[in-house]
1. Could you size up the charge dipole of segment 115-295 around its Cα centre, putting +1 on the beta carbon of Lys and Arg and -1 on that of Asp and Glu, and report it in debye to the nearest 20?
2. Placing unit charges on C-beta atoms (Lys and Arg positive, Asp and Glu negative, everything else neutral), compute the dipole magnitude of segment 52-199 about its Cα centre in debye, rounded to 20.
3. Could the peptides 74-81, 256-263 be put in order, highest first, of the mean number of other beta-carbon atoms found within 10 Å of their residues?
4. At 7 Å along Cα-to-Cβ for each site, give me the label-to-label distance between residue 281 and residue 223 in nm.
5. Under 11 Å from a label point 7 Å along Cα→Cβ of residue 240: give me every residue in segment 159-183 with its amide N that close.
6. Rg (Å, one decimal) plus Dmax (Å, integer) for the alpha carbons of segment 54-113?
7. Return 234, 60 ranked ascending by Cβ neighbour count within 10 Å, so the fewest neighbours appear first.
8. By count of other Cβ within 10 Å, fewest leading, how are 117, 154, 271 ordered?
Amino acid sequence: MSLFNKFKNIEKKDAKSQAAFVGGLLFGIIPFIFIVYLLLGPLVKVIKKDFSGETMMIISENLRLRADTNKNSYVTGSYPFGTKVKVYKVFDNNRAEVSTGNKKGYMSFEYLVLPETFYIIEGMFGNENAKKLIASTKYRKAVSNYLKTNNFTTKIPESEREKLYGKNTKKEMWQIFAEPLKSRFNSFCRGDYNGDKREDAAFIITDIKNGNRKLIVLEINDDIPGKYGNLIGSKDLKQDYLYIRNVPKNSKMIIKDSLQTLHTDGILIGTNRSGNFNDVDTLMIYNGISFDFYPQKNNKK
């Protein structure tokens, strides 16, 4: 046999050996990869899911974590205002799949907001009375939506403020200051101020840098989540105007110097918090198109 044929036979044997080796390797690797996938696949999905979750924060005072999307399912935990959660999915019934700490479950999405909205809500309370007075989530969302829409903000911690707006932001900072809950006059009231037979919100908000005040009246349409807080009307107030009070429809008030019956809800604007009408300055009434303002006579007894 020539030297050439010897080398040729060796090459054939080597090729067969390599093919057998590769075949055996593939035969062993494929099952191995499949087993690894079965073992690690769920873990990879969990890790991927954790990275894909959206960080949100709780704005209710006590939000329950449940075992299932059903609102009556077993409660596995309860979390306070300000708790951070990861949100992975929101279902048609407005329940969200979430995790917080080492627990996973389901919460009502209605009470979860992005960090910017949370810090605006937290910062809008000038005192503890205001936080208690505006306890309803829909009103908290309405006020924060109004502030964001008008490029205002609230008293947000400096570190968070820089993250949200940068160091040189010129956003005006506003807060709501309130009396105790049982006070007859306060800085927040509810009534139907646009005639749609739904409860709206009216509140006095203060610029904490210069003391300027505004009366803001907002539509509260909770049929459309995330759309709370359309402006119905507003009025710049003098610095000593500290309280408002709802006046229900069919109340008798002095309007245009005569005693009349209100055909829609109104708002009293005044300076005295002692619980009487002696210094009520203005009655604000919506007439179906715009707000009218009527100076009030003293009602001294």
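1. 260
2. Dipole about the Cα centre, nearest 20: 120 debye.
3. On the way: 74-81: 13.6, 256-263: 10.8.
In decreasing order of mean packing, 74-81, 256-263 become 74-81, 256-263.
4. 3.7
5. What the label zone holds, given the 11 Å backbone N cut-off, is no residue at all.
6. In Å, with Rg to one decimal and Dmax whole: 9.9, 25.
7. Going from least to most buried by this count: 234, 60.
8. Details: 117 20, 154 24, 271 16.
By the 10 Å Cβ count, ascending: 271, 117, 154.
None of the figures in this text is laboratory data; all of them are computed from the coordinates on show. A quick note: this is a predicted structure, and the numbers were derived from the prediction, not measured. Because the Cβ atoms are built from the backbone with ideal geometry, glycine has one as well, and the counts that use them run over all protein chains shown.
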